[in-house]
Amino acid sequence: MPGHIKHLIRSDRGVAAIEAAMILPIMIFFIFGTIEIYQYFRAAAILDRAAFSVADGIAMQTKLVGDGPCNATDHLCTYGVVVGDLMRPVDYKNKGRMTIRLFGTDTDASGVTSWTSGSVWGWTCAGDGNCLPGAAGSLPSGIPAPAPKDTLLVVQVFQIYEPFLITSRLWSSLGGSTELSTTAFYRPRFEDLKTLN
């Protein structure tokens, strides 16, 4: 009997199965966690690209039309449609929105220039491309320093990020779905764009 016990203690049978049972869940969690982190940063990168592309497109206009059939580049509502294409494959239509605002400057009696507290005009675009006037709001953080008689175009894109289905239980314990946002600042290149046609 003592010899048989010594043989069992020295035997390697079943060690691989025990090691696999211990390591396999960790490896699966690591693989899905890596996919989840990739999806999150991919969505954030798409959001950045869309905001800067829209801001750049609007900043190049010599005039802007506030309403219209949304079929020309100088119609503001066109950018509400364009951002949906730029956000693919993210589900922007159902879980996204965008604001487009223009800020001007004021110069006081002592010659100090500052941004106006509210926007000159603003539009909000829903994920389905429908844009309406009225995106008033305070100055966003990170706004660059003003120059006299300066104008600044501010495009903010928002997206609700939903975690990958398999990791959603873990993600919900870490905070669940979250709203991603990014802001692009552009100075109009040709005109101040303070008035909409």
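Looking only at strands (runs of 3 or more DSSP E) that lie completely in segment 63-130, which have at least 2 residues being modelled with pLDDT of 85 or more and buried (at least 21 other Cβ atoms within 10 Å of the Cβ)? Talk me through it step by step, then tell me what you get.
Working: elements: 96-107, 113-115, 121-126.
In segment 63-130, the matching strands (runs of 3 or more DSSP E) lie at 96-107, 121-126.
If you check ALA44 against the conditions, is it touching a Leu at 6+ places or on another chain (Cβ under 7 Å) and farther than 22 Å from ARG189 by Cα? First the steps, then the outcome.
Numbers: touching a Leu at 6+ places or on another chain (Cβ under 7 Å): yes; farther than 22 Å from ARG189 by Cα: yes.
Considered against the rule, which asks whether it is touching a Leu at 6+ places or on another chain (Cβ under 7 Å) and farther than 22 Å from ARG189 by Cα, ALA44 comes out as yes.
When you look at LEU24, is it more than 26 Å from THR151 (Cβ to Cβ), in a helix (DSSP H, G or I), more than 27 Å from the chain's Cα centre (by Cα) and modelled with pLDDT of 80 or more, yes or no?
yes
Would you confirm whether or not segment 51-59 contains a residue that is farther than 30 Å from LYS149 by Cβ and touching a strand residue (DSSP E or B) at 6+ places or on another chain (Cβ under 8 Å)? If you could, list the steps in order and put the result at the bottom.
Our first condition is that a residue be farther than 30 Å from LYS149 by Cβ; within segment 51-59, this holds for none.
No.
Quick one: is ALA45 in a helix (DSSP H, G or I), on the phi < 0 side of the Ramachandran plot, modelled with pLDDT under 80 and not β-branched (Val, Ile, Thr)? First the steps, then the outcome.
Values: in a helix (DSSP H, G or I): yes; on the phi < 0 side of the Ramachandran plot: yes; modelled with pLDDT under 80: no; not β-branched (Val, Ile, Thr): yes.
No, not satisfied.
Out of curiosity, is PHE52 over 20 Å from THR195 (Cβ atoms) and surrounded by fewer than 18 Cβ atoms within 10 Å (Cβ to Cβ)?
Working: over 20 Å from THR195 (Cβ atoms): yes; surrounded by fewer than 18 Cβ atoms within 10 Å (Cβ to Cβ): no.
The answer is no for PHE52.
Looking at PHE52, is it under 12 Å from the mean Cα position of the chain (by Cα), assigned to a helix (DSSP H, G or I) and within 22 Å of LEU139 (Cβ to Cβ)? Even if it seems obvious, please write down each step before you answer.
Values: under 12 Å from the mean Cα position of the chain (by Cα): yes; assigned to a helix (DSSP H, G or I): yes; within 22 Å of LEU139 (Cβ to Cβ): yes.
When the stated conditions are applied, PHE52 passes them.
Among the residues of segment 117-144, which ones are small (Gly, Ala, Ser) and in contact with a Cys (Cβ under 8 Å, 6 or more places away or on another chain)? Don't jump to the end; show me each part of the working.
Of the residues in segment 117-144, the ones small (Gly, Ala, Ser) are 117-119, 122, 126-127, 129, 134-138, 141-142.
Hit for segment 117-144 is GLY129, nothing else.
The values are calculated or read from the model by the stated rules, or taken from the named source; none is laboratory data. Predicted model only: the values in this text are computed from it and were never measured. Neighbour counts run over all protein chains shown; Cβ positions are idealised from the backbone, glycine included.
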